[in-house]
Amino acid sequence: MAHPATLTGPSHGAASGTAKQLVVLLHGLGADGSDLIALAPLLARTLPDAAFVAPDAPFPCDMAPYGRQWFSVQDRSPGPILEGVRRAETFLAPYVDAQLASLGLGGDRLIIAGFSQGTMMGLHHGLRRAAEPLCIIGCSGRLLAAELLAAERRNRAPVLLVHGDADEVVPPASLKLAADGLEAAGIPVEAHMLRGLGHGIDERCIALADAFLRKVVTG
């Protein structure tokens with residue numbers, strides 16, 4: 001097994017030339033970091049002082065001959081899924097810490113944005129960090145082990161959730177379940193269901209993310 005600190009992936013420097021925030025983009029099952037780094041120039045319009053990194057998940061996808069995964073979904077029962085998430089976090093946490101340190105930033109300058117399985121990882125890891133991230137953004141994902149969150153969370157970072165009502169991979173009902181679970185644990189959450197959107201990210205998702213980031217980051 002690779003050392004937890006050795007995740008790699010594409011990056012995008014701060015448009016202003018000086019990073020004051022770090023955005024970690026977490027891809028979905030069967031993709032890799034290159035899948036989401038294309039969002040960096042779009043989000044940089046709102047966050048010109050943000051550096052972006054998009055790590056490749058630590059494991060080869062076990063359901064396709066290509067791509068990466070944070071955890072296996074061949075067994076979708078809660079125990080194995082949670083075990084997989086916690087294993088992946090031993091890779092993700094030191095990677096995020098190292099990226100912040102390389103920019104001379106504290107953990108309170110962190111933004112986590114994920115898609116699908118990346119949303120699940122982002123919510124799990126982001127809310128268990130000692131330093132509260134600026135925010136967490138999740139598209140087309142789920143909140144895993146909601147019953148553990150109130151006891152395990154270490155911060156109350158604000159969360160934006162976006163889901164399509166035509167999602168054929170992660171059920172649209174996951175949005176309300178996640179929002180309810182976050183609220184029950186004392187996490188401020190903004191949730192949006194988008195009409196006609198499948199399992200993906202469109203311009204409406206970007207617009208919602210921009211508005212959310214302007215509110216919680218740039219004030």
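Each value in this text was obtained by applying a stated rule to the coordinates, not by laboratory testing. Everything numeric here is computed off the predicted structure, so don't read it as measured data. Methodologically, a virtual Cβ is constructed for each residue, glycine included, from the backbone with ideal geometry; neighbour enumeration extends over all protein chains shown.
Quick notes
- Across segment 95-117, the qualifying residues are those that are out of contact with any strand residue (DSSP E or B) (no Cβ under 7 Å at 6 or more places or on another chain) and either β-branched (Val, Ile, Thr) or at positive phi (or both), and the one among them that is surrounded by the most Cβ atoms within 10 Å (Cβ to Cβ) is 116.
- Test: residue 54 is surrounded by 21 or more Cβ atoms within 10 Å (Cβ to Cβ) and in contact with a strand residue (DSSP E or B) (Cβ under 8 Å, 6 or more places away or on another chain): yes
- Hits in segment 57-68 - residues which are surrounded by fewer than 24 Cβ atoms within 10 Å (Cβ to Cβ) and either under 24 Å from residue 13 (Cα atoms) or of a type outside the set (Asp, Glu) (or both): 58, 59, 60, 61, 63, 64, 65, 66, 67, 68
- Taking each residue of segment 74-90 that is touching a residue at least 24 places away in the same chain (Cβ under 8 Å) and within 24 Å of residue 55 (Cβ to Cβ) and looking for partners that are of a type in the set (Lys, Arg) and surrounded by 14 or more Cβ atoms within 10 Å (Cβ to Cβ) with beta-carbon atoms closer than 9 Å, six or more apart or interchain, yields 89/128.
- Within segment 180-192, the residues that satisfy the criterion of being outside any loop (DSSP other than H, G, I, E, B) and surrounded by 15 or more Cβ atoms within 10 Å (Cβ to Cβ) are 181, 182, 189, 190, 191, 192.
- Residue, surrounded by the fewest Cβ atoms within 10 Å (Cβ to Cβ), within segment 39-51, restricted to residues that are part of a helix (DSSP H, G or I) and either touching a residue at least 40 places away in the same chain (Cβ under 8 Å) or under 15 Å from the mean Cα position of the chain (by Cα) (or both): 42
- Extreme residue, nearest to residue 26 (Cα to Cα), among residues of segment 162-192 that are in contact with a helix residue (DSSP H, G or I) (Cβ under 6 Å, 6 or more places away or on another chain) and of a type in the set (A, V, I, L, M): 162
- Subset of segment 5-38 that is in contact with a helix residue (DSSP H, G or I) (Cβ under 7 Å, 6 or more places away or on another chain) and part of a loop (DSSP other than H, G, I, E, B) - its residue that is farthest from residue 55 (Cα to Cα): 20
- Residues that are surrounded by 14 or more Cβ atoms within 10 Å (Cβ to Cβ) and not in a loop (DSSP other than H, G, I, E, B), drawn from segment 160-179: 160, 161, 162, 163, 164, 174, 175, 178, 179
- Criterion applied to 177, 144, 182, 149 was being among the aliphatic types (A, V, I, L, M) and in contact with a strand residue (DSSP E or B) (Cβ under 7 Å, 6 or more places away or on another chain), and the one residue passing it is 182.
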